[in-house]
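Here the structure is laid out as structure tokens; the discussion comes afterwards.
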Amino acid sequence: MAANGKSMLIDTTKCFACRSCQVACKQWNELAAESPVPTNRGTYENPPDLSATQWLLIHFKETERADGSMAWNFARNSCRHCIDAPCKQVTNNADSITVDADTGAVLHNAGTESESFNAIRSACPFDIPRKDADGRSRKCRMCIDRITNGEVPSCAKACPSDAITFGDRDDILAMADARVTAVQGEFPNATVLDRDAVRLLILLGDPASSYKLQTAPA
Ligand code: SF4
Ligand code: SF4
């Protein structure tokens, strides 16, 4: 792998939940609209869950901070592109789940339909993979067709608030650490989830319990 591969920083302190990233993911990957059309569940969060055609989802959660102020927090859910991917460890065919040599992107390929999908999904600490009508495992592919041609993933391209940054992993790690320091005044609990274990680095301002987001077990 070239150097340490690639990573992406999701800075939730900059996210205002416009969901342009969700739309861009659908468009670039030619993913169908959810069917049936989700109904209003009393939240702006939509659709309610990941699916074989919904690889990226912005979750919403309201909580009260210790000082009594209200936090309305947004956090992204999608494949974390784990450094040592548990999903790959349970596959029988080396080609069904691969790790791109240059970027480190974890790719669920044709062939996963012949694997035990339940084993793949159960192995994922973040409950990400979803099965399509053909039995194939589907999830974020880090826009591998874009990044191997020098482009950033479509979500990063679409974000209007600079909340998504893609680049060399060492640079993104340094950026994430610097950002945690920079926001300490406003967010003394700021942290980067699973910093050393994943390529999708999610920076939270408030404690993780203030977000609707599945994290890796301790
Ligand atoms: S988040 Fe889940 S699906 Fe993605 S690489 Fe990690 S184990 Fe695999
Ligand atoms: S495009 Fe950017 S600001 Fe909009 S929901 Fe996604 S991460 Fe948040």
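Over the residues of the range 98-166, compute the C-alpha Rg and express it relative to 2.2 N^0.38 Å.
Values: Rg = 13.9 Å, N = 69, 2.2 N^0.38 = 11.0 Å.
Dividing the Cα Rg of the range 98-166 by 2.2 N^0.38 Å gives 1.27.
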- prompt: For labels at ALA178 and THR98 in the simple 7 Å Cα→Cβ model, what's the distance in nm?
  reply: 3.5 nm
- line: Quick calc, ASN40 & GLN214: beta-carbon distance into FRET formula, R0 30 Å, rounding 0.05, result 0.80
- line: One would report the antiparallel percent of DSSP beta bridges in the chain, rounded to the nearest 5, as 85 percent
- prompt: Can you give the Kirkwood hydrodynamic radius for the chain, in Å, rounded to one decimal and based on Cα pairs?
  reply: 17.9 Å
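Which of TRP72, TRP28, TRP55 has the fewest other C-beta atoms within 10 Å, and how do the rest follow up to the most? Write down the numbers at each step before the final one.
Numbers: TRP72 12, TRP28 17, TRP55 23.
By the 10 Å Cβ count, ascending, the order reads TRP72, TRP28, TRP55.
How much length is gained if the chain between ASP145 and ALA66 is pulled fully straight, taking 0.36 nm per residue apart and subtracting their Cα-Cα distance, in nm to one decimal?
Working: separation 79, 0.36 × 79 = 28.44 nm, distance 4.45 nm.
Fully extending the segment from ASP145 to ALA66 adds 24.0 nm.
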message: I need ARG19, ARG41, ARG199 ordered by Cβ neighbour count within 10 Å, fewest first.
response: ARG41, ARG19, ARG199
message: Student exercise: in the chain, how many lysine pairs 8 or more apart or on different chains have Cα atoms under 17 Å apart?
response: 11
At q = 0.20 Å⁻¹, base-10 log of I(q)/I(0) for the range 86-138 (Debye sum, equal scatterers on each alpha carbon): -0.61
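Based on the alpha carbons, how large is the Rg to Rh ratio for the range 139-218 when Rh follows Kirkwood? Kindly include the intermediate steps, with their values, before the conclusion.
Values: Rg = 13.7 Å, Rh = 14.0 Å.
In the range 139-218, Rg relative to Rh is 0.98.
Readers should treat all values here as calculations from the given coordinates under stated rules, not as data from a laboratory. Values in this document were obtained by computation on a predicted structure and should not be read as measured data. Virtual Cβ from ideal backbone geometry, glycine too; neighbours counted across all protein chains shown.
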